[in-house]
Structures are given as structure tokens and as C-alpha cells.
1. I need the full set of residues from region 47-72 which are assigned to a loop (DSSP other than H, G, I, E, B), in contact (Cβ under 8 Å) with a residue 12 or more places away in the chain and more than 30 Å from Leu8 (Cβ to Cβ), in order please.
2. Test of understanding: among Leu16, Leu8, which residue is surrounded by 10 or more Cβ atoms within 10 Å (Cβ to Cβ), modelled with pLDDT under 95, within 22 Å of the chain's Cα centre (by Cα) and outside any loop (DSSP other than H, G, I, E, B)?
3. Could you check Ala48 against (1) modelled with pLDDT under 90; (2) surrounded by 11 or more Cβ atoms within 10 Å (Cβ to Cβ) and say which number it fails?
4. Looking at region 1-22, I want the residues that are free of Cβ contacts under 8 Å to residues at least 24 places away in the same chain and farther than 17 Å from His39 by Cβ and have a partner that is of a type in the set (A, V, I, L, M) and part of a loop (DSSP other than H, G, I, E, B) with Cβ atoms under 7 Å, at least 6 apart or on another chain. Which pairs are those?
5. Just wondering, is there one or more residues in region 28-38 that are more than 25 Å from the chain's Cα centre (by Cα), surrounded by 11 or more Cβ atoms within 10 Å (Cβ to Cβ) and of a type outside the set (Lys, Arg)?
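The values are calculated or read from the model by the stated rules, or taken from the named source; none is laboratory data. The structure displayed is predicted, hence computed values, not measured ones. Glycine gets a Cβ as well: all are built from the backbone with ideal geometry, and neighbour counts include every protein chain shown.
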Amino acid sequence: MNVSRKWLEAFLGRALDPAAMAERLAMLGAPVDDTVALHAGLEPIVVALVEEVRPHPNADRLRLCLVNDGSA
């Protein structure tokens, strides 16, 4: 069974570090086989807001987009 750490923290009403949570679950009879960081490897992804879309002046099928990634 897969369980989200954030869901467990919300259910318990307090934060626990993953190792302590795994140890407590094991003591309750629910051993943890593995913990996986789902956000690992997502660092190069950039989220941006599309602020404007307009037709390309020299192409019928293209659009020019103004995006804001918060860096400027």
C-alpha cells in the first residue's frame, strides 16, 4: 500500500520526519519497505504564467506568447 507522508501528517495533526514515521509504523505492525521522494528529479522544471497570446505577424498557425516565470 502506498501512503502519502503529507496525508499521514495531516491525519496525525503533526509533522514527523520520514525515518521516525517508518519506525513508528513498524512498531504498530505496518512495516515500511521503502520511502520515495516523489519530487526528486523535478528541479529543472520551471513553472510560468502565460500572460499574453497573440498571432505571429508572419505565420497564420503560430502564436507569440509572453510568459512570466517570476525571475525578472
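1. At the first step, the residues of region 47-72 found to be assigned to a loop (DSSP other than H, G, I, E, B) are 47-48, 56-62, 69-72.
Of the ones still in play, those that are also in contact (Cβ under 8 Å) with a residue 12 or more places away in the chain are 47-48, 69-70.
Of everything in region 47-72, those that are assigned to a loop (DSSP other than H, G, I, E, B), in contact (Cβ under 8 Å) with a residue 12 or more places away in the chain and more than 30 Å from Leu8 (Cβ to Cβ) turn out to be Ala48, Asp69, Gly70.
2. Numbers: Leu16 fails: outside any loop (DSSP other than H, G, I, E, B).
Step by step, each of Leu16, Leu8 is checked, and only Leu8 is surrounded by 10 or more Cβ atoms within 10 Å (Cβ to Cβ), modelled with pLDDT under 95, within 22 Å of the chain's Cα centre (by Cα) and outside any loop (DSSP other than H, G, I, E, B).
3. Among (1) modelled with pLDDT under 90; (2) surrounded by 11 or more Cβ atoms within 10 Å (Cβ to Cβ), the lone unmet condition for Ala48 is (1).
4. Sorted first by the residue in region 1-22, then by its partner, the pairs are Ala22/Val32.
5. First pass over region 28-38, keeping only residues more than 25 Å from the chain's Cα centre (by Cα): 28-31.
Pick out the ones that are also surrounded by 11 or more Cβ atoms within 10 Å (Cβ to Cβ) and you get 30.
Filter once more, so that each one left must be of a type outside the set (Lys, Arg): 30.
Scanning region 28-38 turns up at least one residue that is more than 25 Å from the chain's Cα centre (by Cα), surrounded by 11 or more Cβ atoms within 10 Å (Cβ to Cβ) and of a type outside the set (Lys, Arg).
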